[in-house]
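Heads up: the structure comes next, in structure tokens.
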Amino acid sequence: MNKISAPVVTKLNSISKSYISGAWGRDAQLNSKERYWEHCLASGHKHGITVRLYNSHEDFMANKNYKDEPIAPSYTDKNAVQGSGTILYDNTVFYQCYSTAEICSFNITTKEIKRMKLNGAGIDNKFPFCYYSCRDWTDIDLEAGQDAVWVIYATEENHGNIVVSRLDPLELNITHTWKTHLFKRSVSSTFMVCGVLYATRYVSTYQEEVFYAFDTTTGQEINTLSLTFEKVAAGIANLNYNPADRRLYLYNDAYLLAYGIFY
């Protein structure tokens with residue numbers, strides 16, 4: 001990756017400008033239909049219980065013909081969403097389960113929920129993204145790959161540095177884990193592209209910089225990157241790469257932005 005485009009999508013989320021935390025994107029499974037999704041954290045910018053689904057890009061841009069899919073009956077239900085690290089992959093929502101160091105998966109068709117413990121993961125603002133100003137409830141970040149789901153977090157055992165685990169999305173178990181030397185509180189967001197972890201940091205209200213990469217294939221860490229991209233607000237709640245359309249999706253305070261990337 002050597003360049004990130006200017007935003008190709010810029011719009012306010014469909015609910016309210018006060019919803020500054022959440023995530024959005026397109027179903028990241030390569031063979032999935034074009035389904036866009038939006039997830040806004042409604043309870044103290046911490047919890048969510050629905051994901052909003054659109055069956056076309058046109059519907060998403062027009063805020064019409066959507067369905068609010070219920071994941072949990074209340075914000076304090078054990079299956080409610082905590083934090084803004086959510087991803088949609090192969091018709092399944094992956095997220096941090098309410099108030100635990102566990103990953104939940106919710107199948108939109110069958111309504112089945114699976115849970116998996118993430119041993120040692122710091123939660124409840126122990127290791128959030130924190131470069132410019134700490135973004136609460138970002139301890140656990142989920143990302144989609146071509147055939148896997150990735151989870152990015154930090155542990156005391158790794159001294160608060162980022163840990164990357166690769167999940168089997170069907171079995172919901174960890175297949176591999178890598179430990180980095182990058183302190184999680186020293187970055188403002190992360191995303192995965194083709195098995196490479198990228199980390200960003202705040203430059204200004206309107207600019208962010210990719211400054212670090214970790215290759216899970218080789219174990220190599222690169223600290224010399226400087227790839228800047230535009231924002232419309234200071235805070236980042238979620239940043240994820242979608243292998244289906246090769247775009248980056250950013251939840252930028254209450255705004256939804258998308259970018260093309262170039263190699």
Quick test of your reading of the structure: Ala42 fulfils all but one of (1) under 16 Å from Ser84 (Cα atoms); (2) among the small types (Gly, Ala, Ser); (3) out of contact with any Gly (no Cβ under 7 Å at 6 or more places or on another chain). Name the failing condition by number. (3)
Gly48 versus (1) closer than 15 Å to Asn238 by Cα; (2) in contact (Cβ under 8 Å) with a residue 60 or more places away in the chain: which is the lone unmet condition? (2)
Looking only at the range 37-73, count every residue that is touching a strand residue (DSSP E or B) at 6+ places or on another chain (Cβ under 9 Å) and closer than 27 Å to Glu102 by Cβ and tell me the total. 21
Mind telling me which of the residues Ala154, Ala199 ends up being closer than 22 Å to Met116 by Cα, without any contact (Cβ under 8 Å) to a residue 40 or more places away in the chain and under 17 Å from the mean Cα position of the chain (by Cα)? Ala154
Out of Ile123, Ile103, sole residue that is modelled with pLDDT of 95 or more, β-branched (Val, Ile, Thr) and assigned to a loop (DSSP other than H, G, I, E, B): Ile123
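I'd like to check something: does the range 28-37 contain any residue that is outside any loop (DSSP other than H, G, I, E, B), within 18 Å of the chain's Cα centre (by Cα), surrounded by 21 or more Cβ atoms within 10 Å (Cβ to Cβ) and touching a residue at least 24 places away in the same chain (Cβ under 8 Å)? Give the derivation first.
Of the residues in the range 28-37, the ones outside any loop (DSSP other than H, G, I, E, B) are 36-37.
Those left that are additionally within 18 Å of the chain's Cα centre (by Cα): 36-37.
Filter once more, keeping what is surrounded by 21 or more Cβ atoms within 10 Å (Cβ to Cβ): 36-37.
Imposing the further condition that a residue be touching a residue at least 24 places away in the same chain (Cβ under 8 Å) reduces the set to 36-37.
Yes - at least one qualifying residue is present in the range 28-37.
With the requirement that a residue be surrounded by fewer than 24 Cβ atoms within 10 Å (Cβ to Cβ) and either in contact (Cβ under 8 Å) with a residue 24 or more places away in the chain or under 16 Å from the mean Cα position of the chain (by Cα) (or both), what does the range 68-87 give you? Break it down into steps so the answer makes sense when it comes.
Keep residues of the range 68-87 that are surrounded by fewer than 24 Cβ atoms within 10 Å (Cβ to Cβ), which gives 68-80.
Answer for the range 68-87, where residues must be surrounded by fewer than 24 Cβ atoms within 10 Å (Cβ to Cβ) and either in contact (Cβ under 8 Å) with a residue 24 or more places away in the chain or under 16 Å from the mean Cα position of the chain (by Cα) (or both): Glu69, Ile71, Ala72, Pro73, Ser74, Tyr75, Thr76, Asp77, Asn79, Ala80.
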(1) modelled with pLDDT of 95 or more; (2) exposed (fewer than 15 other Cβ atoms within 10 Å of the Cβ); (3) under 21 Å from Ser105 (Cβ atoms) all hold for Lys46 apart from (2)
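Being closer than 23 Å to Ile87 by Cβ, modelled with pLDDT of 95 or more, acidic (Asp, Glu) and touching a Leu at 6+ places or on another chain (Cβ under 9 Å) is the requirement here; does Glu208 meet it?
Details: closer than 23 Å to Ile87 by Cβ: yes; modelled with pLDDT of 95 or more: yes; acidic (Asp, Glu): yes; touching a Leu at 6+ places or on another chain (Cβ under 9 Å): yes.
Yes: the conditions hold for Glu208.
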Of all residues in the range 126-164, which are surrounded by fewer than 20 Cβ atoms within 10 Å (Cβ to Cβ), modelled with pLDDT of 95 or more and out of contact with any Lys or Arg (no Cβ under 8 Å at 6 or more places or on another chain)? Lys126, Glu156, Glu157, His159
Options Val151, Val164, Val187: the member that is β-branched (Val, Ile, Thr) and within 22 Å of Glu38 (Cα to Cα): Val151
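Does the range 66-83 contain any residue that is over 25 Å from Arg201 (Cβ atoms) and of a type in the set (Phe, Trp, Tyr)? Don't jump to the end; show me each part of the working.
Narrowing the range 66-83 to residues over 25 Å from Arg201 (Cβ atoms): 66-81.
Within this subset, residues satisfying the condition of being of a type in the set (Phe, Trp, Tyr) are 66, 75.
Looking for residues that are over 25 Å from Arg201 (Cβ atoms) and of a type in the set (Phe, Trp, Tyr), one finds at least one in the range 66-83, hence yes.
The values are calculated or read from the model by the stated rules, or taken from the named source; none is laboratory data. As the structure is a computational prediction, the values presented were derived from the model and not from experiment. Every residue, glycine as well, gets a Cβ built from its backbone with ideal geometry; the counts of neighbours run over all protein chains shown.
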